[in-house]
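A.B. asks: This structure is in structure tokens; I'll ask about it shortly.
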């Protein structure tokens with residue numbers, strides 16, 4: 001103890017004469033410690049933080065702050081910043097490269113246009129190609145998610161592909177690639193043997209849904225643009241000697257892409273897949289005590305029949321349903337049963353059922369009945385069908401004041417939902 005006191009007394013004059021700390025200060029926005037950088041950022045305005053982040057990306061250093069700078073910039077959603085973010089996707093730091101890729105996805109279609117305008121020396125060719133393919137796939141998935149949000153019944157309408165075509169890119173090769181990758185799953189599902197593990201098990205955050213869960217719009221695009229190619233690619237998927245479906249959800253329901261494919265084949269004279277799909281769904285109703293669930297199944301059956309085509313319902317000069325193997329009276333029976341099961345529950349299925357009924361009535365020439373059902377559809381649920389804003393099936397009602405009121409109300413409802421779940425309207429429509 002006496003020795004330590006002697007050493008302290010001996011060093012005291014030297015320490016007092018030094019006057020400055022031994023280590024350099026680390027506080028401030030350029031600190032190597034993330035906590036001190038965050039504390040320094042609290043004293044900056046939003047514009048100052050953005051300008052500091054942009055300066056870091058322009059200089060490309062310090063490397064430890066590139067990821068946080070990208071995160072700061074992407075929140076501003078300024079299209080001019082895409083040119084600063086894109087080169088970071090070629091970084092050797094995985095955190096920076098992944099952050100830049102995720103940021104470009106957040107810009108959507110704007111990132112594709114900015115990537116094309118980027119100077120050749122700003123980004124190497126392999127990284128540019130990789131980013132382009134990633135953004136095109138993300139664009140297709142975003143379009144599919146919007147289609148599922150506003151068109152849960154998978155109805156065909158003229159403007160359905162407008163968002164998909166909103167970029168100046170030929171997507172046919174990519175759409176065919178997605179289809180071919182999903183053919184094994186489509187083969188299982190179209191025969192009632194696909195097991196959707198995401199439905200029964202909690203998916204992890206980094207897991208993505210399979211194509212057949214969201215890819216209905218891809219099938220619809222190929223059906224409209226390249227029907228012969230789609231028929232050739234999917235030839236032989238239906239197994240006539242397949243074992244019977246299991247008596248549970250995953251053996252009887254169909255994923256969205258499979259349902260779209262079955263309806264397409266039915267409209268083109270191959271009704272086996274659609275008939276089996278409808279039969280499997282109807283078998284779910286045998287021992288179903290929940291009326292709300294039964295209403296949803298009846299509605300899915302009716303929508304699948306309508307999309308597959310009906311007999312003798314084509315009227316020249318107005319909206320008409322495609323020709324197919326099912327009868328309009330049977331479709332109407334399923335719709336009425338769904339409405340009866342839904343009752344006054346204000347569930348979305350009630351609004352959807354009345355919308356489907358309005359479509360059937362307009363095809364039969366009953367404009368007054370269709371308009372009445374559309375009004376009931378809007379009032380039946382807090383989540384009405386936003387498809388009305390872009391569905392051309394009701395063009396014959398455009399001059400009706402009541403119909404215009406419905407369109408205005410639909411536009412108001414669309415403002416409260418997420419931007420990615422609103423109807424997409426092309427500028428030329």
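Any read-out appearing in this document is the output of simple, stated calculations on the displayed coordinates, not a laboratory observation. Computed from a predicted model, the values in this text were never measured in an experiment. Every residue, glycine as well, gets a Cβ built from its backbone with ideal geometry; the counts of neighbours run over all protein chains shown.
A.B. asks: State whether region 269-311 is rounded, prolate or oblate according to the following rule on the C-alpha gyration tensor (a ≥ b ≥ c being the square roots of its eigenvalues): a/c under 1.5 gives rounded; otherwise a/b larger than b/c gives prolate, and the remaining case gives oblate. Write down the numbers at each step before the final one.
C.D. replies: Values: a/c = 4.08, a/b = 1.91, b/c = 2.14.
It is oblate, given that a/c is not under 1.5 and a/b is not larger than b/c.
A.B. asks: Moving on. Counting other C-beta atoms within 10 Å, which of 284, 332, 305 has the fewest, and how do the rest follow?
C.D. replies: Working: 284 20, 332 17, 305 26.
Going from least to most buried by this count: 332, 284, 305.
A.B. asks: Quick check on region 304-381: take the gyration tensor over C-alpha atoms, sort the square-rooted eigenvalues as a ≥ b ≥ c, and tell me if it's rounded (a/c under 1.5), prolate or oblate. Each step should come with its number before you reach the end.
C.D. replies: On the way: a/c = 2.69, a/b = 1.54, b/c = 1.75.
Since a/c reaches 1.5 but b/c is at least a/b, the shape of region 304-381 is classed as oblate.
A.B. asks: Only counting other Cβ atoms within 10 Å, I'd like 327, 260, 419, 163 sorted with the fewest neighbours first.
C.D. replies: Numbers: 327 14, 260 25, 419 8, 163 21.
Least to most surrounded, the residues fall as 419, 327, 163, 260.
A.B. asks: Now a separate question. Quick one: if you stick a label point 7 Å off each Cα along the C-beta vector at residue 176 and residue 425, how many nm between them?
C.D. replies: Placing both labels 7 Å beyond Cα along the Cβ direction yields 3.6 nm.
A.B. asks: Counting other beta carbons within 10 Å of each residue's own, what order do 88, 144, 263 fall into, fewest first?
C.D. replies: On the way: 88 22, 144 26, 263 29.
Fewest to most other Cβ atoms nearby, the residues stand as 88, 144, 263.
A.B. asks: Right, here's the next one. Please report, in whole Å³, the volume per residue of the convex hull around the C-alpha atoms of region 291-429.
C.D. replies: On the way: hull volume 16.5 nm³, N = 139.
Value for region 291-429: 118 Å³ per residue.
A.B. asks: Which of the peptides 96-106, 212-222, 171-181 is most tightly packed, and how do the rest follow, going by the mean number of other Cβ atoms within 10 Å of each residue?
C.D. replies: Averaged packing, sorted descending, gives the order 212-222, 96-106, 171-181.
A.B. asks: Under the rule a/c < 1.5 gives rounded, and otherwise a/b versus b/c splits prolate from oblate, where does region 348-423 land using the Cα gyration tensor? Each step should come with its number before you reach the end.
C.D. replies: Details: a/c = 1.89, a/b = 1.47, b/c = 1.28.
Cα axes put region 348-423 in the prolate bin.
A.B. asks: Here's something else I'd like to know. Two decimals is fine: what's Rg over Rh for region 119-162, C-alpha atoms, Kirkwood radius as Rh?
C.D. replies: On the way: Rg = 15.6 Å, Rh = 12.6 Å.
Ratio of gyration radius to Kirkwood radius: 1.24.
A.B. asks: Take every Cα pair under 8 Å in region 283-373 that's 6+ residues apart, average their separations, divide by the length, and report that relative contact order as a whole percent.
C.D. replies: Reported as a whole number, the value is 27 percent.
A.B. asks: Something else now. If packing is taken as the average count of other Cβ atoms within 10 Å, what order do 118-128, 391-401 fall into, highest mean first?
C.D. replies: Ranking, from highest mean packing down: 391-401, 118-128.
A.B. asks: Give me the base-10 log of I(q)/I(0) for region 77-224 at each q in 0.20 Å⁻¹, Debye formula, one uniform scatterer per Cα, rounded to two decimals.
C.D. replies: -1.29
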